[in-house]
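Beneath this line is the structure, given in structure tokens, with notes to follow.
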Amino acid sequence: MKKFFESLNNVWKIEELRTRITLTLLLLLVYRFGAHVTLPGIDATQLENLAGQTDKGIGSILDMFTGGAFSKASVFALGIMPYISASIVVQLMGIAIPYLQKLQKDGESGRKRLNQITRWLTIAITLVQGPGYIYNLYTTLPPGAFLLGFDSFQFLFSSVLILTTGTIFAMWLGEKITDKGIGNGISLLIMVGILARLPQALFQEFTSKVTNNNGGPMLLVFEIVVWLLVIIACVLLVMAVRKIPVQYARRTTTGDFEQDMMGGNRQWIPLKLNSAGVMPIIFAQAIMFIPAAVAGLSKSETSQSIAGTFSNMFGFWYNFVFALLILIFTFFYTAITVPTNKMADDLKRSGGFIPGVKPGVETADFLDRIMSLITFPGSLFLALIAVFPAIVVSLDVQQSWAMFYGGTSLIIMVGVAIDTIQQINSYLLNKHYDGLMKSGKNRKAVA
């Protein structure tokens with residue numbers, strides 16, 4: 001514990017790091033404040049029906065990602081999700097569109113152009129999702145909740161404009177955190193929104209187990225211990241890598257000629273166990289909304305049964321299909337984001353090789369085979385974590401609390417926390433030894 005407080009003290013001693021952390025916290029506070037500002041023209045006292053709708057289905061997921069802004073009809077009701085959707089679309093289109101492929105290889109100028117395309121696509125997606133959200137308000141809230149009238153065009157136009165502006169502002173906050181603060185700003189906004197629901201979920205579980213005597217305090221303590229173990233498992237999943245040894249030719253100069261000597265510097269290619277991150281869960285979750293939406297268009301008994309099955313996020317068949325889709329998308333996303341051919345070419349150009357494997361095509365095949373072998377257990381582990389909330393719900397855990405036992409929310413929180421801590425540690429490594437090593441003296445901070 002003493003070592004932990006010494007590390008915190010070292011963090012606060014570095015002026016640049018202190019400034020970045022303070023700015024990040026202030027911008028996150030602005031985002032959380034905006035999540036409680038209701039759209040103009042809506043009576044905030046009549047949002048009970050909307051809050052009840054977000055207890056299940058897609059509403060609960062959107063409400064979690066927006067930190068409750070979705071159920072509050074906030075100016076940030078759509079949150080940063082349109083930007084995430086636009087980023088995914090641009091990334092996937094980069095596989096098939098040569099122009100985007102060229103931008104990806106153009107360095108900083110290409111990255112800026114891709115960011116600009118993503119921003120414009122974000123606005124387009126928001127302009128489509130905004131009217132859908134307003135229509136959802138029309139069908140959920142009583143007519144008296146609309147101060148400008150139930151079907152006022154003025155309300156529709158102004159609300160869509162405000163929702164679009166809110167998403168753009170949230171996107172700006174995330175980019176500012178990334179540039180001037182600490183950590184990935186977009187990811188931090190999502191994580192803060194998820195964490196905002198944690199106290200309420202824990203209180204509801206406490207009320208159920210202790211106040212209502214539904215198991216007692218010992219059962220609640222056991223649930224918290226299991227939750228911490230799941231978090232540890234997620235950390236291991238995010239950080240697990242398969243190290244592929246790489247050897248480089250060492251070039252020495254003797255007299256007037258150069259001699260290549262094999263057996264030079266040895267390094268590693270770290271292949272992540274879960275290279276796809278949280279993206280397979282997001283893709284699978286998006287697909288899972290389609291059957292219920294399509295079946296809901298028909299009034300037949302079979303269609304209603306299908307809609308009910310795929311609307312129950314904690315049902316067996318929903319989670320069976322969900323896990324299967326995660327397995328498929330994990331292999332798909334890993335295949336398009338881990339360019340083993342490019343890795344082999346880069347390794348060959350730099351004079352490196354994998355011991356026992358010929359450079360070039362054989363190296364690419366070797367890396368591809370290793371990726372396939374480690375992706376399979378990684379996808380199984382990811383699918384298990386994704387459906388784990390349904391498992392704990394069957395054990396009489398409150399749904400709001402069960403959502404923190406796995407799924408997209410937990411993977412995002414763990415991944416963002418690790419990334420932010422690693423950035424902070426890089427500052428400490430540059431300025432101090434204390435806080436990262438068990439021994440050694442502090443170095444003087446470099447201005």
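Coordinate-derived values only; no laboratory data. Keep in mind the model is a prediction, meaning the values are calculated, not measured. When we count neighbours, we look across all protein chains shown, and the Cβ atoms used for this are built from the backbone with ideal geometry, even at glycine.
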Total charge of the residues flanking Ile370 in space, meaning their Cβ is under 12 Å from its Cβ, with Lys and Arg +1 and Asp and Glu -1, is +2
How much length would be gained if the chain were fully extended between Glu175 and Asp345, taking 0.36 nm per residue of separation minus their Cα-Cα distance, in nm to one decimal? 57.9 nm
I'd like the FRET efficiency for Val128 and Met93, computed as 1/(1 + (r/R0)^6) with the beta carbon distance as r and R0 of 22 Å, rounded to 0.05. 0.80
Using a basic spin-label model with each label point 7 Å from the Cα along Cα→Cβ, how many nm lie between Ile290 and Thr165? 3.6
Once you have the Cα-Cα distance between Leu195 and Lys102, take 0.36 nm times their residue separation minus that, and quote the gain in nm to one decimal. 29.6 nm
Can you work out the Karplus-derived ³J(HN,Hα) for every residue in segment 202-215? Use 6.51 cos²θ - 1.76 cosθ + 1.60 with θ = phi - 60°, whole Hz, and x for glycine or proline. 5, 5, 5, 5, 4, 5, 5, 7, 9, 5, 8, 6, 9, x
Let me have the 222 nm mean residue ellipticity of the chain computed from DSSP H runs of 4+ only, each contributing -39500 (n - 2.57), with the sum over all residues rounded to the nearest 500. -22000 deg cm²/dmol
Amide H to amide H, which residues 5 or more places from Lys272 or on other chains are under 5 Å from it, using H placed in the peptide plane? Arg242
Descending packing, highest mean Cβ count within 10 Å first, for 181-190, 336-345 is 181-190, 336-345
Packing-based exposure ordering (other Cβ within 10 Å, fewest first) of Arg18, Arg32: Arg18, Arg32
Below 8 Å, C-alpha to C-alpha, sequence gap of six or more: please give me the relative contact order for segment 15-196 in percent. 33
Relative contact order, percent, of the chain when contacts are C-alpha pairs under 8 Å separated by at least 6 residues? 17
Of the candidate values (i) 258; (ii) 153; (iii) 210, the one computed for volume of the Cα convex hull per residue in Å³ from this structure is (iii)
Taking max minus min of the Cα coordinates of segment 15-196 on each principal axis, largest first, gives extents in Å of 54, 43, 29
Dipole of the chain [Lys/Arg +1, Asp/Glu -1 at C-beta], most positive-end residue of Leu78, Ala233, Val37: Ala233
In the neighbourhood of Val221 defined by beta carbon distances under 15 Å, the net charge of the other residues (Lys, Arg +1; Asp, Glu -1) is -1
Taking the Cβ of Ile117 as the center, what net charge do the other residues with Cβ under 14 Å away carry, scoring Lys and Arg +1 and Asp and Glu -1? +4
About its Cα centre, the chain carries a charge dipole, from +1 on Lys and Arg Cβ atoms and -1 on Asp and Glu Cβ atoms, whose size in debye to the nearest 20 is 1420
Please compute the Kirkwood hydrodynamic radius over segment 197-405, one decimal place, Å, based on all pairs of different Cα atoms. 20.8
